[in-house]
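Participant: So that we are looking at the same thing, I have put the structure below in structure tokens.
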Amino acid sequence: MLLADKTVVVSGVGAGLGREVAAACLREGARVVLGARTEAHLAKCAAELDPEGRRSAYRAVDIRDERQCEALAALAVERFGGIDAVVHVAALDTVMGGLADADLAEWQQVVDVNLLGTLRMTRACLPALKEAGARGDGSVVMIGTQSSVAAPSQLQQAAYAASKGGLVSAMYSLARELGPHRVRVNTVQPGWMWGPMVEGYVAWAADTEGIGQGAVRARLDERMALPGMASDGDVAETVAFFASERARGITGQCLLVNAGEIMR
């Protein structure tokens, strides 16, 4: 298994990608520490993924708060003895539109969560990650977005794209900074992912346009080189690879997981 005897911290364990990342890491043998803002959701997710509670722990965390980030990292160390990898799924992606009519205070909130929040959580985990590196390997996996390298023709999210683009720039610096400690830093950049978020979009678009959901889904799938968009689970499997020692020679890299919608 890719992550046997590893401890992975996952922020942003929601109903979609975060949950799939936690599930993939557990399947690959990891002990997983789940973080998100809503404790009731975390409890439900942990009970579903690890009913006996032997390989999971959770704590409510708002990554805008440095002390809460430190508390989540401390939980991983106290419960499982360390941190081998941290995966950053937590994000604010509900601010729509471009710059002309933007509320820049909202943009600031997006940057505070997506860029600074990710860096806060990374810094909280650094002492344990460096210890993992001293034992052989530590990993930071960031979740970016295809929209930071190719502006979408629909669902404009300029603030989200800009914040994730900044995260990629931070990744390069962190990969150089942490490399001597054998801590790797990489980014997975999803495109359209079939899961709760896109299912909601498809339902909304179908209702707005007065067409069937199948037609909306087909319109999205036609944009892919593969026959259909990637799923949340597909992205999660890529995350598990980056977190594992199978990727121990890879750092400072971005990987698009987008069914070939754009190719660079």
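The values are calculated or read from the model by the stated rules, or taken from the named source; none is laboratory data. A quick note: this is a predicted structure, and the numbers were derived from the prediction, not measured. Heads up, the Cβs are rebuilt from the backbone with ideal geometry, glycines too, and the neighbour counts pull from every protein chain shown.
Participant: Could you grab me the full set of residues in the stretch 1-20 that are touching a helix residue (DSSP H, G or I) at 6+ places or on another chain (Cβ under 9 Å) and more than 15 Å from Ala76 (Cβ to Cβ)?
Facilitator: Step one: list which residues in the stretch 1-20 are touching a helix residue (DSSP H, G or I) at 6+ places or on another chain (Cβ under 9 Å), which gives 1-3, 6-20.
Within the stretch 1-20, Met1, Leu2, Gly12, Gly14, Ala15, Gly16, Leu17, Gly18, Arg19, Glu20 meet the criteria.
Participant: Hey, does the stretch 56-63 have a residue that's over 22 Å from Leu92 (Cα atoms) and either at pLDDT 95 or above or assigned by TED's automatic domain parsing to the domain that holds Arg79 (or both)?
Facilitator: Let us first name the residues in the stretch 56-63 that are over 22 Å from Leu92 (Cα atoms), namely 56-57.
Cutting the leftovers down to either at pLDDT 95 or above or assigned by TED's automatic domain parsing to the domain that holds Arg79 (or both) gives us 56-57.
Yes: the stretch 56-63 contains one or more residues that are over 22 Å from Leu92 (Cα atoms) and either at pLDDT 95 or above or assigned by TED's automatic domain parsing to the domain that holds Arg79 (or both).
Participant: Just checking, does the stretch 212-234 include any residue being closer than 30 Å to Ile83 by Cα, in a strand (DSSP E or B) and at pLDDT 90 or above? Don't jump to the end; show me each part of the working.
Facilitator: Going through the stretch 212-234, the residues closer than 30 Å to Ile83 by Cα turn out to be 230-234.
From what's left, in a strand (DSSP E or B): 230-231.
From what's left, at pLDDT 90 or above: 230-231.
Within the stretch 212-234 (the criterion being closer than 30 Å to Ile83 by Cα, in a strand (DSSP E or B) and at pLDDT 90 or above), the answer is yes, since at least one residue qualifies.
Participant: Please find, among Thr251, Thr208, the residue that is without any contact (Cβ under 8 Å) to a residue 40 or more places away in the chain and either over 30 Å from Leu126 (Cβ atoms) or not in a helix (DSSP H, G or I) (or both). Talk me through it step by step, then tell me what you get.
Facilitator: Working: Thr251 fails: without any contact (Cβ under 8 Å) to a residue 40 or more places away in the chain.
None of the others qualify; the one that does is Thr208.
Participant: Would it be correct to say that Leu220 is touching a residue at least 12 places away in the same chain (Cβ under 8 Å) and either in contact with a strand residue (DSSP E or B) (Cβ under 7 Å, 6 or more places away or on another chain) or of a type in the set (D, E, K, R) (or both)? Give the derivation first.
Facilitator: Working: touching a residue at least 12 places away in the same chain (Cβ under 8 Å): yes; either in contact with a strand residue (DSSP E or B) (Cβ under 7 Å, 6 or more places away or on another chain) or of a type in the set (D, E, K, R) (or both): no.
In short, no.
Participant: Which of the residues spanning the stretch 33-45 are buried (at least 21 other Cβ atoms within 10 Å of the Cβ) and farther than 22 Å from Ala230 by Cβ?
Facilitator: Taking the stretch 33-45 and keeping what is buried (at least 21 other Cβ atoms within 10 Å of the Cβ), we get 33-36, 42, 45.
Correct list: Val33, Leu34, Gly35, Ala36, Leu42.
Participant: Here's something else I'd like to know. For the subset of the stretch 171-190 comprising residues that are touching a residue at least 24 places away in the same chain (Cβ under 8 Å) and part of a helix (DSSP H, G or I), which member is nearest to Leu92 (Cα to Cα)?
Facilitator: Taking the stretch 171-190 as the starting set, the residues that turn out to be touching a residue at least 24 places away in the same chain (Cβ under 8 Å) are 171-172, 174-176, 178-179, 181-190.
Cutting the leftovers down to part of a helix (DSSP H, G or I) gives us 171-172, 174-176, 178-179, 181.
Values: Met171: 19, Tyr172: 22, Leu174: 22, Ala175: 24, Arg176: 27, Leu178: 26, Gly179: 29, His181: 30 Å.
Step by step, filter the stretch 171-190, then rank; the result is Met171.
Participant: Just the residues that are surrounded by fewer than 24 Cβ atoms within 10 Å (Cβ to Cβ) and under 13 Å from Ala46 (Cα atoms), please, taken from the stretch 1-19. First the steps, then the outcome.
Facilitator: Quick first cut of the stretch 1-19, residues surrounded by fewer than 24 Cβ atoms within 10 Å (Cβ to Cβ) only: 1-2, 4-5, 14-16.
Gly14, Ala15 - these are the residues of the stretch 1-19 that are surrounded by fewer than 24 Cβ atoms within 10 Å (Cβ to Cβ) and under 13 Å from Ala46 (Cα atoms).
Participant: Give just the number: which of (1) assigned to a loop (DSSP other than H, G, I, E, B); (2) at pLDDT 95 or above does Ala259 not satisfy?
Facilitator: Unmet for Ala259, out of (1) assigned to a loop (DSSP other than H, G, I, E, B); (2) at pLDDT 95 or above: (2).
Participant: Same structure, new question: Filter the stretch 200-237 down to the residues that are touching a helix residue (DSSP H, G or I) at 6+ places or on another chain (Cβ under 9 Å) and among the hydroxyl-bearing types (Ser, Thr, Tyr) and list them by number.
Facilitator: Hits for the stretch 200-237 are Tyr201, Ser231.
Participant: Quick one: in the stretch 26-49, which of the residues that are in a loop (DSSP other than H, G, I, E, B) and of a type outside the set (S, T, N, Q) is modelled with the lowest pLDDT? Steps first, answer last, please.
Facilitator: In the first step, residues of the stretch 26-49 are kept if they are in a loop (DSSP other than H, G, I, E, B); the result is 28-30, 37-38.
Adding the requirement that they be of a type outside the set (S, T, N, Q) leaves 28-30, 37.
On the way: Glu28: 97, Gly29: 97, Ala30: 98, Arg37: 93.
The extreme case among them is Arg37.
Participant: On the basis of being touching a helix residue (DSSP H, G or I) at 6+ places or on another chain (Cβ under 9 Å), part of a helix (DSSP H, G or I) and closer than 21 Å to Phe241 by Cβ, does Val168 make the cut?
Facilitator: It is true that Val168 is touching a helix residue (DSSP H, G or I) at 6+ places or on another chain (Cβ under 9 Å), part of a helix (DSSP H, G or I) and closer than 21 Å to Phe241 by Cβ.
Participant: Out of all the residues in the stretch 120-141, which are surrounded by 17 or more Cβ atoms within 10 Å (Cβ to Cβ) and aliphatic (A, V, I, L, M)?
Facilitator: Met121, Ala124, Leu126, Ala128, Leu129, Ala132, Val140, Val141
Participant: Same structure, new question: Only residues that are surrounded by fewer than 24 Cβ atoms within 10 Å (Cβ to Cβ), polar (S, T, N, Q) and at pLDDT 90 or above: list them for the stretch 142-167, please.
Facilitator: Across the stretch 142-167, the qualifying residue is only Gln146.
Participant: Let me ask you something else. Against the conditions (1) touching a residue at least 40 places away in the same chain (Cβ under 8 Å); (2) touching a strand residue (DSSP E or B) at 6+ places or on another chain (Cβ under 8 Å); (3) surrounded by fewer than 24 Cβ atoms within 10 Å (Cβ to Cβ); (4) of a type in the set (A, V, I, L, M, F, W, C), where does Leu92 fall short? Just the number, please.
Facilitator: Every listed condition holds for Leu92 apart from (2).
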